[in-house]
Amino acid sequence: TMVEENLNQVELFANPLSTIAGDAGLSGDADLDGWTGEGMSYPGQSAALAAAASEGLDVRRQAVSLSRSRAKLSHIRMMAQKADYADGDTISVEYFDTADSTGLNALVVVTAPDLVKFVVQRSYPVVLGQPEHIAQEIVLDTNGTFEDDTDDSYYSAMQRVEMPGGEISVGTLAPVSGSGPMESGVQVLAHLRVDHPRWRVLQDWNQVDIVMDPGDFRTDGDEEIYSVDMTVHWLTDAEYTASLSALQGGTINDEQEVRAVGHLTAAPADHWLESVSDTLLAVVGDLEDEEDDLLISLSRGSVFDGTAGDGGSPRHYVQFVPDEPVSPGNEPCGGEALEDIWYPNDWQLSHLHRQADLNCDGSGSLNELFEMLDGTSYSRTVTWDGLGSATVTENRADGTTVSGTFDEETGEYDITTTFSSGSDPVSRQQSGTQGEAMIEAYDVLTWQDAHADSTYFNAQDSGDSRTISGFHRDGDLREQFTITAVGTEGEEESITGEWSRNDGATGDFSLERLDGGGSHLAFSANDPAGEGSPSVTGELWYAPDGSGHGTVTFTQYGNTVTYDITFGPDGEAVLDDGNGEEIPM
């Protein structure tokens with residue numbers, strides 16, 4: 001316990017950049033899956049938007065592919081003789097009925113004489129993983145020349161695909177204005193909705209909307225993106241929306257700054273979380289590649305059910321701005337962070353505000369303020385000078401103050417705790433040196449009568465074993481101790497310890513791990529200077545489930561009593577002295 005306390009004190013000086021980056025979702029995923037089951041993180045959102053852009057652009061590609069069905073379209077163009085047609089007239093139809101599919105190709109007048117609709121419909125035998133029905137339409141302006149497709153203008157396109165199992169995807173392409181040709185310089189909306197997606201069984205439906213400049217339909221890859229909007233609706237009625245747009249307006253180009261906004265509305269059955277909103281500013285590379293984004297800033301706001309201490313909803317807000325743009329999954333060298341949390345109004349901690357300013361040279365500061373339900377507060381400030389030194393100051397709610405220093409080069413630390421007025425003890429001085437696999441520490445408590453209790457220990461970790469040795473002085477009594485653990489931490493093969501006091505008292509124990517998961521504990525202690533010269537010895541065997549049995553022998557005033565002890569996995573134990581006397585523990 002003493003080792004852990006001192007290690008925790010040294011942790012006060014740790015630069016929190018890794019923690020902040022992880023909490024913000026930059027280093028690692030900061031996944032929402034543990035909160036909602038829907039799982040959406042910053043890297044996940046980035047990947048989803050990239051996938052959404054790819055799917056939305058596929059609507060445009062399908063329209064281009066349909067417009068280039070020259071073998072089909074040219075054939076029925078040749079069947080269409082120049083004549084007077086009225087709106088809605090069918091110019092020509094080809095029917096298909098083969099072993100592979102049934103359906104038709106048709107050319108229908110939309111607006112006489114030049115606006116026509118090319119229609120493709122197909123039905124296929126049910127084969128898992130392949131479309132069952134496909135319907136495609138493209139509206140084009142022939143410009144009066146049915147025989148020549150080089151002067152056509154495209155007005156809209158639609159594709160509907162039905163898969164075995166119920167998946168239905170519908171994609172449309174049309175000018176944002178609602179009319180006119182789709183051509184370079186015109187904003188066009190590409191819309192794709194998928195109901196009952198077969199590869200995302202928890203989703204009810206999802207859709208993508210992309211506003212783009214389609215470029216020339218005769219040229220691949222010349223489109224430009226204005227914005228991407230994605231919606232995912234789960235079977236639980238939770239819904240996630242995300243959008244991507246250029247920070248300065250206009251189209252999204254390579255190496256351009258963009259804003260991505262994501263918002264999760266939790267399922268109605270979730271009686272804890274209400275919503276989570278992310279706002280990202282980033283430099284985007286290839287829109288279809290989620291690996292080349294660079295983050296400029298990130299903020300996340302979470303709202304929970306209930307009422308907070310200020311009358312609003314319990315909520316959490318975190319914002320992080322790295323010193324330089326950084327890619328997802330990587331830790332920045334510095335940045336500014338802000339965190340603000342309002343807790344439910346029946347919690348002891350009412351409000352937490354944390355602000356950090358961390359530089360790439362290692363300097364910076366962290367300020368924290370904890371406000372309690374009873375109106376008291378606790379504050380902490382940690383500073384780093386960038387040259388290897390750090391300081392900490394604390395003002396606790398009860399009037400206790402803490403101040404300390406840490407040398408990052410040597411691992412030396414010195415922390416003074418001054419307790420509130422009237423407290424006994426009066427102060428605590430903790431100092432020592434922490435290394436990569438060791439800590440040497442002094443811990444001194446000073447009391448109102450001016451006497452001091454002190455503890456010294458040295459802990460060493462070689463990987464295969466750990467040893468802690470030292471002494472504790474309480475007034476005139478001095479106690480020395482040594483504890484050694486052999487084996488991997490948490491899976492020690494054995495732990496042994498011994499202690500002795502300057503008045504003659506001694507003790508020792510050994511804990512050995514047995515094959516099969518059980519363990520064996522033996523211990524003894526005696527105090528010759530104590531009343532009746534008491535002593536105790538014991539031996540216990542533990543089963544893997546925590547139950548066990550053993551014996552404990554007590555001696556005092558020359559009398560010896562041996563108890564059989566049994567205990568269950570729940571920790572309840574019974575001592576039996578052999579004479580019908582049972583003592584529950």
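The values are calculated or read from the model by the stated rules, or taken from the named source; none is laboratory data. Predicted model only: the values in this text are computed from it and were never measured. We place every Cβ from the backbone using ideal geometry, glycine too, and count neighbours over all the protein chains shown. Ligands, DNA and RNA are excluded from the accessible area calculation, which covers all protein heavy atoms including side chains. Shrake-Rupley method; radii C 1.70, N 1.55, O 1.52, S 1.80 Å.
List of remarks:
- Test for THR241: is it under 30 Å from ILE138 (Cα atoms), open to solvent by 40 Å² or more (accessible area, probe 1.4 Å) and β-branched (Val, Ile, Thr): yes
- Pairs, first within 10 Å of LEU445 (Cα to Cα) in the stretch 405-430, second part of a loop (DSSP other than H, G, I, E, B) and among the aromatic types (Phe, Trp, Tyr), C-beta under 7 Å, six or more apart: ASP424/TRP447; PRO425/PHE419; PRO425/TRP447; VAL426/PHE419; VAL426/TRP447; SER427/PHE419
- Hits in the stretch 100-123 - residues which are open to solvent by less than 60 Å² (accessible area, probe 1.4 Å), in a loop (DSSP other than H, G, I, E, B) and out of contact with any Asp or Glu (no Cβ under 7 Å at 6 or more places or on another chain): SER101
- Failed item, numbered, when GLU331 is tested on (1) more than 16 Å from the chain's Cα centre (by Cα); (2) under 22 Å from GLY362 (Cα atoms); (3) in contact (Cβ under 8 Å) with a residue 40 or more places away in the chain; (4) open to solvent by 40 Å² or more (accessible area, probe 1.4 Å): (1)
- Residues located in the stretch 518-550, provided they are assigned to a loop (DSSP other than H, G, I, E, B), under 18 Å from VAL561 (Cβ atoms) and touching a Ser or Thr at 6+ places or on another chain (Cβ under 9 Å): ASP527, GLY532, SER533, PRO534
- Filter result (assigned to a strand (DSSP E or B), under 17 Å from GLU167 (Cα atoms) and out of contact with any helix residue (DSSP H, G or I) (no Cβ under 6 Å at 6 or more places or on another chain)) within the stretch 124-141: HIS133, ILE134, ALA135
- Answer residue from the stretch 516-566, given it is within 20 Å of THR506 (Cα to Cα) and among the charged types (D, E, K, R) and is least open to solvent (accessible area, probe 1.4 Å) among those: ASP527
- Of the residues making up the stretch 349-367, not a single one is more than 23 Å from TYR413 (Cβ to Cβ), part of a loop (DSSP other than H, G, I, E, B) and of a type in the set (Gly, Ala, Ser).
- Of all residues in the stretch 412-448 being closer than 20 Å to SER469 by Cα and in a loop (DSSP other than H, G, I, E, B), the one that is most open to solvent (accessible area, probe 1.4 Å): GLU436
- Residues being open to solvent by less than 70 Å² (accessible area, probe 1.4 Å) and assigned to a loop (DSSP other than H, G, I, E, B) - total across the stretch 567-579: 4
- Some residue of the stretch 367-375 being surrounded by 15 or more Cβ atoms within 10 Å (Cβ to Cβ) and either in contact with a Pro (Cβ under 8 Å, 6 or more places away or on another chain) or β-branched (Val, Ile, Thr) (or both): no
- Here GLU412, GLU408, GLU368, GLU394 are screened, and the one residue that is at pLDDT below 90 and not aliphatic (A, V, I, L, M) is GLU408.
- Flag for PHE554 being farther than 30 Å from ILE439 by Cα, part of a strand (DSSP E or B) and aromatic (Phe, Trp, Tyr): yes
- For beta carbons closer than 7 Å, sequence separation of 6+ or different chains, a first residue in the stretch 189-207 that is in contact (Cβ under 8 Å) with a residue 40 or more places away in the chain and within 15 Å of GLU239 (Cα to Cα) and a second that is open to solvent by 30 Å² or more (accessible area, probe 1.4 Å) and part of a loop (DSSP other than H, G, I, E, B), the qualifying pairs are LEU202/LEU235.
- Within the stretch 454-469, the set of residues being in a strand (DSSP E or B) and in contact (Cβ under 8 Å) with a residue 24 or more places away in the chain comprises THR455, PHE457, ALA459, ASP461, ILE468.
- Of the candidates GLU539, GLU531, GLU479, GLU512, the single residue that is touching a Lys or Arg at 6+ places or on another chain (Cβ under 7 Å) and either modelled with pLDDT of 90 or more or under 29 Å from ILE583 (Cα atoms) (or both) is GLU479.
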